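S.K.: Handing you this structure, nothing more for now.
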Amino acid sequence: MGRTTLKMPQLGESVTEGTVDRWLKQEGDMVRRDEPIVEVVTDKVNAEIPSPFEGRLVRIDVQPGQTVPIGAALAEIEVEGANPATAPAPPPKPAEPRAEQPRAAAAPAPATDHARVSPAVRKLVQDHNLDLSQITGTGPGGRVTREDVQAYLASKPAPAAAPPAATRTGERGDEIVRISAVRRQIAEHMVRSVSTSPHAWSLREVDVTKLQGYRDANKDEFNQRYGFPLSYVPFFVQIVSDALLKNPYLNSTWTDDGIVLHHFVNMGIAVALPDALIVPVIKDADLMGFTDLAHAINDIANRARNKQLKPEDVRGGTFTLNNTGALGSVAGQSIINQPQAAILSTESIRKRPVVVNDEIVIRPIMNLTMSFDHRIVDGLAASRFINDVSKGIEEWSPASLKL
């Protein structure tokens, strides 16, 4: 018999840490291979992690509510025939722990650290009175980047807020609701995104007459044949995927070495949960036929709602589609899902009076809203992309379907 270490898995690109929400097994319990053993949350996913081994859970190292870097030891499992576990090597480029690191007051960073950063990053460090030696660099040769500093700032606990001047107790008083691990992770990711990317925003009205007519005529047959509703999302994914391939800067990532253009579409689909928002990814969505795409979207949305996503389900997204119209929204400004360049929201379809051939008619109109990273995309490129999406929707026909 030997012991093997269960480690915190990588749960998405740019994710540097995870929080144990609850253990599904307790010390002394037997666990089968691929049986869920612990529930972990990050800003990108709330997932049940399966055990990679069969054996007995002999020690839990991380308690519920604790946050640890990717690769950190979570527990030890006694496995027959396994070699005795050795202390796990620290993962490459770990995130700083949440607890604030001690630093010498007014001690300047060593000259060697200054050589690893740009003037802009050095100013950011000085503005926040940080010790550069406490920040792990992820740039070439261990160089500290702006994103590293912002991630470090986001990982530090916020100073305690001053108590309100007056509080009330009783049935009509104030209530403090504990911040869940997943809500805290989402909050940190949102703050980091806004501080990393200069957000710009655009809105466009589109006429969905043709697409709505086709869906209304075919939704009952589709539901009977496949066992789930025909939504607008697979139509939008195909249209947006085509537009992204024509406008690759919207399907890109900013890095210190340059802008990485993705010549494939891994479409993130925002899924609203009662207490969170998760973005699972449809890999190579641009190559999928319509029926396969509809099945994939339905499957990944159901698994997200049932907390059955796997780590690979939230990795590798290149663009995010947010169908806020399903919630009744008519216009909104979404926050970019880092490290992507943009996020597109399809809003609620409403009947509105519009002018067609100098006549006022009633048409089903939908707003497209998009937030984009102004470091990568300017207004002209954003407009060209939204023009292509708008044209794909307004001129849609059954011949447009990729089967």
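The values are calculated or read from the model by the stated rules, or taken from the named source; none is laboratory data. Owing to the predicted nature of the structure, the values given are computational and were not obtained by experimental measurement. So basically every Cβ, Gly included, is an ideal-geometry build from the backbone, and we count neighbours across all protein chains shown. Calculation scope for accessible area: heavy atoms of the full protein, side chains included, ligands and nucleic acids excluded. Shrake-Rupley method; radii C 1.70, N 1.55, O 1.52, S 1.80 Å.
S.K.: Across the range 58-63, in residue order, what do the Karplus-derived ³J(HN,Hα) couplings come to in whole Hz, using 6.51 cos²θ - 1.76 cosθ + 1.60 with θ = phi - 60° and x for Gly and Pro?
M.R.: 9, 7, 9, 9, 10, 8
S.K.: Taking each pair of different alpha-carbon atoms in the range 173-221 once, compute 1/r for the pair, average those values, and report the inverse of that mean as the Kirkwood hydrodynamic radius in Å to one decimal.
M.R.: One decimal place: 15.9 Å for the Kirkwood radius.
S.K.: Further question on the same structure: In whole angstrom, how far apart do the alpha carbon centroids of the range 182-244 and the range 280-299 sit?
M.R.: 13
S.K.: List, in order, the whole-Hz ³J(HN,Hα) value for each residue of the range 220-232 obtained from phi through the Karplus relation with A = 6.51, B = -1.76, C = 1.60 and θ = phi - 60°; use x for Gly and Pro.
M.R.: My calculation for the range 220-232 gives 5, 5, 4, 4, 5, 7, 10, x, 8, x, 8, 9, 6 Hz in order.
S.K.: Same structure, new question: With only alpha-carbon atoms in the gyration tensor, what are the semi-axes of the equivalent ellipsoid for the range 225-351, in Å, largest first?
M.R.: 22, 17, 16
S.K.: How large, in percent, is the carbon and sulfur part of the accessible surface of the range 163-292 at a probe radius of 1.4 Å? Don't jump to the answer; show the numbers that get you there.
M.R.: Working: 3870 of 7310 Å².
Reported share for carbon and sulfur atoms: 53 percent.
S.K.: So, counting K/R as plus one and D/E as minus one, what does the shell of residues with Cβ under 11 Å around K402 add up to? Show your work: numbers first, answer last.
M.R.: Working: positive: none; negative: D242, D286, D292.
So the surrounding residues net to -3.
S.K.: Starting from the Cα of K351, step 7 Å along the direction of its Cβ; do the same at S180; then give the gap between the two resulting points in nm.
M.R.: 3.8
S.K.: A further question follows. Taking 7 Å along the Cα-to-C-beta vector as the label spot, tell me the D358-N218 distance in nanometres, rounded to one decimal.
M.R.: 3.7
S.K.: What ratio of Cα Rg to 2.2 N^0.38 Å holds for the range 211-296?
M.R.: On the way: Rg = 15.5 Å, N = 86, 2.2 N^0.38 = 12.0 Å.
My calculation over the Cα atoms of the range 211-296 gives 1.30.
S.K.: Karplus couplings for the range 258-264 from phi (6.51 cos²θ - 1.76 cosθ + 1.60, θ = phi - 60°), rounded to Hz, Gly and Pro as x?
M.R.: Ordered by residue, 3J(HN,Hα) equals x, 8, 8, 8, 9, 8, 7 Hz.
S.K.: Sticking with this one: Would you mind estimating how fast the range 143-300 diffuses translationally, via Stokes-Einstein at 4 °C and 1.567 mPa s with the Kirkwood radius over Cα pairs, in µm²/s? Please list the in-between numbers first.
M.R.: On the way: Rh = 20.1 Å.
Result for D is 64 µm²/s.
S.K.: Could you calculate the FRET efficiency of R32 with N129 from 1/(1 + (r/R0)^6), where r is the beta carbon distance between them and R0 is 51 Å, rounded to 0.05? Before the final figure, lay out the partial values.
M.R.: Values: r = 51 Å, r/R0 = 0.99.
After rounding, the FRET efficiency stands at 0.50.
S.K.: Which distance in nm do the two modelled labels at K391 and A272 give, with both placed 7 Å along the Cα-to-Cβ direction?
M.R.: Modelled inter-label distance: 3.2 nm.
S.K.: Also, I was wondering about something else. If the only charges are +1 at each Lys and Arg Cβ and -1 at each Asp and Glu Cβ, what is the size of the charge dipole of the range 251-303 around the Cα centre, to the nearest 20 debye?
M.R.: On the way: 2 positive and 7 negative charges, 32 e Å.
With Lys and Arg at +1 and Asp and Glu at -1, about 160 debye.
S.K.: Tally Lys and Arg at +1 and Asp and Glu at -1 over the other residues with C-beta under 15 Å from the C-beta of D388: what net charge comes out? Before the final figure, lay out each step's value.
M.R.: Values: positive: R204, K246, R384, K391; negative: D242, D286, E394, E395.
Summing Lys and Arg as +1 and Asp and Glu as -1 gives 0.
S.K.: Can I ask one more? Obtain the radius of gyration and the Kirkwood radius of the range 287-386 from its C-alpha atoms and give Rg over Rh.
M.R.: Details: Rg = 16.9 Å, Rh = 16.2 Å.
My calculation of the ratio gives 1.04.
S.K.: Here's something else I'd like to know. What does the charge add up to near R204, with Lys and Arg as +1, Asp and Glu as -1, over the other residues with Cβ less than 13 Å from its Cβ? Can you show the working numbers first?
M.R.: On the way: positive: R384, K391; negative: E205, D207, E347, D388, E394.
Local charge sum for R204: -3.
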